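The values are calculated or read from the model by the stated rules, or taken from the named source; none is laboratory data. The model shown is predicted, which means the values in this text are computed figures rather than measured ones. Using ideal geometry, Cβ is built from the backbone for each residue, glycine included, and neighbour counts are taken over all protein chains shown. Keep in mind that these areas ignore ligands, DNA and RNA; they rest on the heavy atoms of the full protein, side chains included. Shrake-Rupley method; radii C 1.70, N 1.55, O 1.52, S 1.80 Å.
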Amino acid sequence: MNWIIIWLVLLVVFIAVEVATMGLTTIWFAGASLVAAILAAIGFPVYVQIAAFIVVSAVLLLFTRPIAMRYFNQDRVKTNAESIVGKQAIVTGEIDNLRATGQVTVGGMEWSARSADDSICIEEGAVVTVKAISGVKLIVEKRKEEK
């Protein structure tokens, strides 16, 4: 079996997936495939090639991915829903997780809401902070000074 061809085919596949997704998902494995192809061309045994592929993939993933993600995601714009997290909202309908009720208004929009703590009911008129979004419901927490 010609391992050089296998590694080069993997290299092309990883690059094609990366170009298609543009999400920094497989570029690390493309680099590792190139290293393994070079080792195959030199004549190293298959187990050395596979070990080098695994080690180079791990090193690239662990050490360069955080840096790359920081620089490539700078201009990423939050979606409308993501921009709500961390904002304050007004409770327009009592939030009671046990009864599955609750409404809030944030940014002029009405949302279904649930409390981050199942044991706490939040009364109408309270000010809450949006902690997360779960499906179409906001997960909220009563402001510290409101408790």
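For the reader, a short list of remarks on this structure follows.
- Test for residue 114: is it of a type outside the set (S, T, N, Q) and either at pLDDT 90 or above or within 18 Å of the chain's Cα centre (by Cα) (or both): yes
- The C-beta contact set for the range 7-20 (first residue over 12 Å from residue 34 (Cβ atoms), second residue open to solvent by less than 80 Å² (accessible area, probe 1.4 Å) and part of a helix (DSSP H, G or I), distance under 8 angstrom, 6+ apart or interchain) comprises 18/27; 18/30.
- Matching residues in the range 1-26 - criterion: being touching an Asp or Glu at 6+ places or on another chain (Cβ under 7 Å) and crowded, with 19+ Cβ neighbours inside 10 Å: 26
- The range 48-70, residues that are among the hydroxyl-bearing types (Ser, Thr, Tyr) and within 17 Å of residue 8 (Cα to Cα): 57
- Test: residue in the range 85-98 that is surrounded by fewer than 15 Cβ atoms within 10 Å (Cβ to Cβ), within 19 Å of residue 144 (Cβ to Cβ) and among the charged types (D, E, K, R): yes
- Filtered residues of the range 89-102 (kept if over 12 Å from residue 130 (Cα atoms) and not basic (Lys, Arg)): 92, 93, 94, 95, 96, 97, 98, 100, 101, 102
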